[in-house]
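The values are calculated or read from the model by the stated rules, or taken from the named source; none is laboratory data. Keep in mind it's a predicted model, so treat the numbers as computed, not measured. Quick reminder, even Gly has a Cβ in these numbers, built from the backbone with ideal geometry, and neighbours come from all protein chains shown.
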Amino acid sequence: MFSSLIKLPEKPRILVVRTDRIGDMVLSLPVFASLRHAMPGAFIAALARDYTKELLEGRDDVDEIISFPSPGAHVPTGMIWGLGARLRSMNFDAAILLYLKSSVALCVALARIPVRIGPATKIAQALLTHRIRQRRSRSLTSEADHNLALLSPLGVEPVREARIVVDGDSPGPFVRRPDHPLVGLHPGHGGSARTWPVKRWEELARLLAEAGMDVAVTGAPAEKNLVDQVAAAAGPGAQKYIGGEGLKKLARALYGLDALVAPSTGPLHIASATGTPAVGIYCPIFVCLPERWGPIGPGGGAIRPDVSPCDYCLGSDCPHFDCMESISAQQVMEQVRARLRPARVGAR
């Protein structure tokens with residue numbers, strides 16, 4: 001794609017930029033792993049929102065985290081000049097913008113970073129020095145691989161590993177019974193796509209309990225009623241975990257499961273990155289397909305309605321509506337059975 005590779009100093013200073021959601025950040029972790037493997041002496045920094053920075057803390061492939069508060073992927077207008085000046089003072093040799101947002105790209109350009117690599121999309125690409133054409137919206141390739149492709153101008157070999165290390169000796173929130181697999185259900189969703197009906201989550205909870213598996217239902221504080229509803233379907237032995245105490249504690253909770261079922265949401269990818277087999281439930285809209293957004297960790301899987309992908313949901317005007325109901329609890333149950341992992345020493 002490039003006539004010649006970009007030459008950086010022997011120990012370059014590299015900024016990796018990802019400012020959107022939790023799952024996006026998890027699927028960006030292979031970029032940090034690849035850079036560290038290819039350039040052991042490099043200084044690797046991350047620019048992220050406060051919302052996701054915990055996922056980067058304590059990593060051996062991230063030397064510094066620069067974060068900012070924002071309700072979305074953008075840099076608030078009043079912070080652009082100050083953040084640009086801070087980045088400029090750090091003397092980066094290159095920046096890789098994994099997700100292009102105009103305000104973020106402007107900060108990086110104001111920092112006068114000489115090499116600015118990103119996807120050739122949106123008007124913000126004018127602020128880049130190296131653009132890579134990608135077709136992410138058609139969801140034919142994993143988001144993780146799209147991210148790794150942005151390293152090609154540097155000649156970096158991809159390391160396709162999204163890894164979150166959890167202290168397995170620290171106590172997790174769930175009580176385990178010998179010889180009873182512990183399966184997590186995370187029925188909540190951020191609202192960016194159609195999701196599985198609540199009645200199906202309840203059916204799955206009952207099936208798991210009837211099969212002798214223990215059920216743990218997880219969710220955010222705003223999803224407490226939904227968590228209670230699904231847990232009630234599994235019977236009195238169901239356990240619950242309401243988050244809100246940070247992403248590291250959430251990762252520890254998900255690490256303690258033998259499998260997790262969730263829609264396409266951040267906890268699905270966190271679980272997968274800790275090594276927990278994760279089964280994702282997806283809708284057939286192109287920008288939401290599992291081919292792009294499926295978990296990439298060991299034992300991961302995905303299921304979606306058996307219909308042709310569509311550009312957007314037509315609702316009741318679609319002949320396949322509601323296709324999400326066509327995914328049966330039994331189908332998901334079979335995916336869980338196929339992926340359950342054996343107990344792990346020190347994992348509980």
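Taking the condition in the same structural domain as Pro30 (by TED's automatic domain parsing), part of a loop (DSSP other than H, G, I, E, B) and not charged (D, E, K, R), does Leu106 pass?
no
In the list Tyr255, Tyr312, Tyr282, which residue meets the criterion of being among the aromatic types (Phe, Trp, Tyr) and over 18 Å from the mean Cα position of the chain (by Cα)?
Answer to the check: Tyr312.
Any residue in the range 290-304 that is touching a residue at least 40 places away in the same chain (Cβ under 8 Å) sitting within a Cβ distance under 9 Å of a residue that is aromatic (Phe, Trp, Tyr) and in a helix (DSSP H, G or I)? List the pairs, counting only those 6 or more apart or interchain.
Final answer for the pair search is Arg292/Phe286.
Would you be able to say whether some residue in the range 63-73 is crowded, with 20+ Cβ neighbours inside 10 Å, of a type in the set (A, V, I, L, M, F, W, C), out of contact with any Pro (no Cβ under 8 Å at 6 or more places or on another chain) and at pLDDT 95 or above?
no
Collect the residues in the range 187-215 that are among the charged types (D, E, K, R) and either closer than 22 Å to Gly243 by Cα or free of Cβ contacts under 8 Å to residues at least 12 places away in the same chain (or both), keeping them in residue-number order.
Hits for the range 187-215 are Lys199, Glu202, Glu210, Asp214.
Before we move on, is Ser34 in contact with a His (Cβ under 7 Å, 6 or more places away or on another chain), of a type in the set (Gly, Ala, Ser) and at pLDDT 95 or above? Show your work before the answer.
Values: in contact with a His (Cβ under 7 Å, 6 or more places away or on another chain): no; of a type in the set (Gly, Ala, Ser): yes; at pLDDT 95 or above: yes.
It is false that Ser34 is in contact with a His (Cβ under 7 Å, 6 or more places away or on another chain), of a type in the set (Gly, Ala, Ser) and at pLDDT 95 or above.
Among the numbered conditions (1) more than 30 Å from Leu15 (Cβ to Cβ); (2) in contact with a Lys or Arg (Cβ under 6 Å, 6 or more places away or on another chain); (3) among the aliphatic types (A, V, I, L, M); (4) not assigned by TED's automatic domain parsing to the domain that holds Ala278, tell me where Val166 comes up short.
(1)
Helices (runs of 4 or more DSSP H) wholly in the range 168-271 with at least 1 residues that are out of contact with any helix residue (DSSP H, G or I) (no Cβ under 8 Å at 6 or more places or on another chain) and surrounded by 17 or more Cβ atoms within 10 Å (Cβ to Cβ) - which ones?
224-234, 247-255
Among (1) surrounded by 14 or more Cβ atoms within 10 Å (Cβ to Cβ); (2) within 22 Å of Leu29 (Cβ to Cβ), which single condition is Met333 missing?
Every condition holds for Met333 apart from (2).
Do we have any residue at all in the range 206-216 that's within 12 Å of Gly188 (Cα to Cα) and not acidic (Asp, Glu)?
No, the range 206-216 has no match at all.
Taking into account only those residues within the range 106-165 that are among the polar types (S, T, N, Q) and in contact (Cβ under 8 Å) with a residue 24 or more places away in the chain, which is surrounded by the fewest Cβ atoms within 10 Å (Cβ to Cβ)?
As a first pass, look at the range 106-165 and keep what is among the polar types (S, T, N, Q): 121, 125, 129, 134, 137, 139, 141-142, 147, 152.
From what's left, in contact (Cβ under 8 Å) with a residue 24 or more places away in the chain: 125, 137, 139, 141-142, 147, 152.
Working: Gln125: 19, Ser137: 11, Ser139: 20, Thr141: 14, Ser142: 19, Asn147: 26, Ser152: 17.
Taking the candidates together, the pick is Ser137.
Applying the selection to the range 285-295, what residues are in a loop (DSSP other than H, G, I, E, B) and surrounded by 21 or more Cβ atoms within 10 Å (Cβ to Cβ)?
Gly294, Pro295
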